[in-house]
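First comes the structure, then the notes that go with it.
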Amino acid sequence: CMFFTFNILSGYEYEAGDHELLLMPTAYTMPKGGKYFSNYELFFLNLAAAPTDRTHLAVFTLFPIHTDFLRTISFGIKQNYLRREKIQSAGWFAYNFESKGVSIGNVVSLGQKKRSLYLGITALTAEDVDKFEFLYMIGLRLGSERSDFMIEFENTNTLIEDDFNGILTFGFRFRGETITWDLAGVRPLWENTGNFLMFPLVKATIYFE
């Protein structure tokens, strides 16, 4: 098919979990008709579908422990608008009706998927916030046939002004054909963390058509 031919020419072929690193989005998208379901720490759920080869439509929510989980339901769209052999880029928009929260962002993926660098930025705001908060992201992926090492760093403009050094997330992804398991640690870069090392992060993603 034309999509398969284009993938070969561009060096791109989607595999389960490629749409993001541990937490940070990538520019990669599923082929048309693809879907994925992700569970973060058992409490956070994300379901997405691809109506085109470059578009993701997604819904995110907390696990329905309490009826108030309905307030956390958010909808998003990611659109890949640049796809070349060693560079891809995608923008996204997400919205939560309860808080009227908005997220508008963009990410650039550089290199081949197994050896790749990611640069992202997103602007965040809500109904009771009078300005945008900017979240800056940078990530790195080093992969093999069945596993990846990933590391990413995030910080916001307000936290930078408050001399906060950001958050470092790093760990491994173990990949099957249709399911991936991420095991990682999340470490706030405070000046003095005492004996604290990191928060655990466990994520499972199922890809299906």
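Data for the structure
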| item | result |
| --- | --- |
| Rounded accessible area of Glu161 (nearest 10 Å², 1.4 Å probe) | 130 Å² |
| Counted charge near Arg146, where neighbours are those whose Cβ lies closer than 12 Å (Asp, Glu -1; Lys, Arg +1) | -1 |
| Under-5 Å amide H pairs with Gly176, H placed in peptide plane, nonlocal only | Trp181 |
| Correct option for Cα extents along the principal axes in Å [calculated from the coordinates] among [x] 71, 38, 31; [y] 47, 40, 37; [z] 51, 37, 32 | [z] |
| Net charge, Ile104 excluded, C-beta distance under 14 Å - Lys, Arg +1, Asp, Glu -1 | +2 |
| Amide H contacts of Lys32 (H built 1.01 Å from N, under 5 Å, at least 5 apart or other chain) | Asp53 |
| Residues of the range 118-209: accessible area per residue with a 1.4 Å probe, Å² | 60 Å² |
| Karplus-derived 3J(HN,Hα), 6.51/-1.76/1.60, for each residue of the range 89-96, Hz, glycine and proline x | 9, 8, x, 9, 9, 9, 9, 10 |
| The range 100-168: trypsin sites (Lys or Arg not before Pro) falling in loop per DSSP and having at most 14 other Cβ within 10 Å | Lys100, Lys114, Lys131, Arg146 |
| Heavy-atom accessible area order for Val202, Val186, largest first, 1.4 Å probe | Val202, Val186 |
| Fraction of accessible area attributable to carbon and sulfur, the range 45-136 (%, probe 1.4 Å) | 68 percent |
| Residue order for Glu209, Glu15 - accessible surface, 1.4 angstrom probe, largest first | Glu209, Glu15 |
| Segment Glu127-Trp190, extension gain: residue separation times 0.36 nm, minus the distance between their alpha carbons | 19.7 nm |
| Residue of Leu23, Leu70, Leu82 that the Gaussian network model of the chain assigns the largest fluctuation, springs spanning Cα pairs under 10 Å | Leu70 |
| Net +/- balance of residues flanking Thr156 in space, Cβ distance below 11 Å, scoring K and R +1, D and E -1 | -4 |
| Lysines with Cα under 17 Å of Lys86, excluding same-chain neighbours fewer than 8 positions away | Lys113, Lys114 |
| Partner lysines for Lys100 [C-alpha distance under 28 Å; skip if fewer than 8 residues away on the same chain] | Lys35, Lys78, Lys131, Lys203 |
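The values are calculated or read from the model by the stated rules, or taken from the named source; none is laboratory data. This is a predicted model, so every value here is computed, not measured. All Cβ positions, even for glycine, are placed from backbone atoms using ideal geometry, and neighbour counts span all protein chains on display. Accessible surface areas use protein heavy atoms only, side chains included; no ligands, DNA or RNA. Shrake-Rupley method; radii C 1.70, N 1.55, O 1.52, S 1.80 Å.
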